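Visitor: One structure, as structure tokens, below. Some questions next.
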Amino acid sequence: MPGALILAFEKGYNALPNVYAQDVTTWSEMKMALRELKKPEVKEMFHSIIIDTIDVAASACEKYIVSQAGVDTLNQIPYGQGWSRVKRELEDTFRSVTQLGYAVLFISHDKDKTFTRQDGTQYNQIVPTLGNSYNLIIKDMVDIYAYAHIVIKDDVPKRVLTLRSLDNTIDCGTRFKYMIPEVNFSYESLVEALNNAIDEEAKNTGKEFITD
């Protein structure tokens, strides 16, 4: 992504060349980083903010709310307000980042989870390691919710980004109605697919709801 800054809640960038990263160990440091992102000279330099990983960021946010309340656990906050305070803090913080004009990318790891249907049958689905309650918050915030992985095609491994799961084996999706299910794992491929989806929507709606 162009002009990317990694806010590294875990050190996953050591093997990446030519990246800008800022280590973040607490939610207070995240709030400090947000203040820095408001500065004009920072906005000129960076355009995309990478949260790596949102799992650790969410945990840091929860610890921050617990500390602010002077309790040991979230459920000790009176009247069941602990979770709503965490949710509001996450939403307000990341909404502030987007309102400053940055694109935001959240990274989580993956796991294979078994679900049971109402008829008792089971199925497996790849989901983020991020806890479900936190994941629902993030899913509500994002436009594209995708899974980066390797597939084997013609005996050759290929890195792809799955945007829609046709067989429901991957938890993913997008707000863009005409987005294709899968692209090569590159920013350029994603941008091309997004532009094509917008063009297709414009064609089918007479451009009534499409802007430049």
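The values are calculated or read from the model by the stated rules, or taken from the named source; none is laboratory data. Everything numeric here is computed off the predicted structure, so don't read it as measured data. Here the Cβ positions follow ideal geometry from the backbone for every residue, glycine too, while neighbour counts run over all protein chains shown. Remember, those area values only see protein heavy atoms, side chains included, never the ligands or the DNA or RNA. Shrake-Rupley method; radii C 1.70, N 1.55, O 1.52, S 1.80 Å.
Visitor: Which condition does THR25 not pass, out of (1) closer than 20 Å to MET141 by Cα; (2) not in a helix (DSSP H, G or I), if it passes all the others?
Guide: Looking at each condition in turn, THR25 falls short on (1).
Visitor: What number of residues in segment 135-170 are touching a Lys or Arg at 6+ places or on another chain (Cβ under 8 Å) and not charged (D, E, K, R)?
Guide: Final tally of qualifying residues: 9.
Visitor: Looking at (1) modelled with pLDDT of 90 or more; (2) over 16 Å from the mean Cα position of the chain (by Cα); (3) surrounded by 11 or more Cβ atoms within 10 Å (Cβ to Cβ); (4) not hydrophobic (A, V, I, L, M, F, W, C), find the lone condition where GLU188 falls short.
Guide: Status for GLU188: all satisfied but (3).
Visitor: If we keep just the residues of segment 1-30 that are of a type in the set (Phe, Trp, Tyr) and surrounded by 13 or more Cβ atoms within 10 Å (Cβ to Cβ), which is nearest to LEU100 (Cα to Cα)?
Guide: Only one residue tops the list, namely TRP27.
Visitor: If you go through segment 52-83, how many residues are in a helix (DSSP H, G or I) and among the β-branched types (Val, Ile, Thr)?
Guide: Looking only at that region, the number is 4.
Visitor: For residues that are out of contact with any Leu (no Cβ under 7 Å at 6 or more places or on another chain) and within 23 Å of ARG88 (Cβ to Cβ), scanning just segment 31-51, find the one that is least open to solvent (accessible area, probe 1.4 Å).
Guide: Residue satisfying both the conditions and the ranking: LEU34.
Visitor: Now a separate question. Of (1) free of Cβ contacts under 8 Å to residues at least 12 places away in the same chain; (2) open to solvent by less than 70 Å² (accessible area, probe 1.4 Å); (3) over 28 Å from ALA58 (Cα atoms), GLU200 satisfies all except one. Which?
Guide: GLU200 satisfies every listed condition except (1).
Visitor: I'm trying to understand the selection: among the residues of segment 1-39, which are in contact (Cβ under 8 Å) with a residue 60 or more places away in the chain, over 30 Å from LYS111 (Cβ atoms) and not hydrophobic (A, V, I, L, M, F, W, C)?
Guide: Result: PRO2, LYS38.
Visitor: Is there any pair linking a residue in segment 40-52 that is closer than 24 Å to THR25 by Cβ to one that is acidic (Asp, Glu) and modelled with pLDDT of 95 or more, with Cβ under 6 Å and at least six apart or on different chains, and which?
Guide: Qualifying pairs under 6 Å: VAL42/GLU36.
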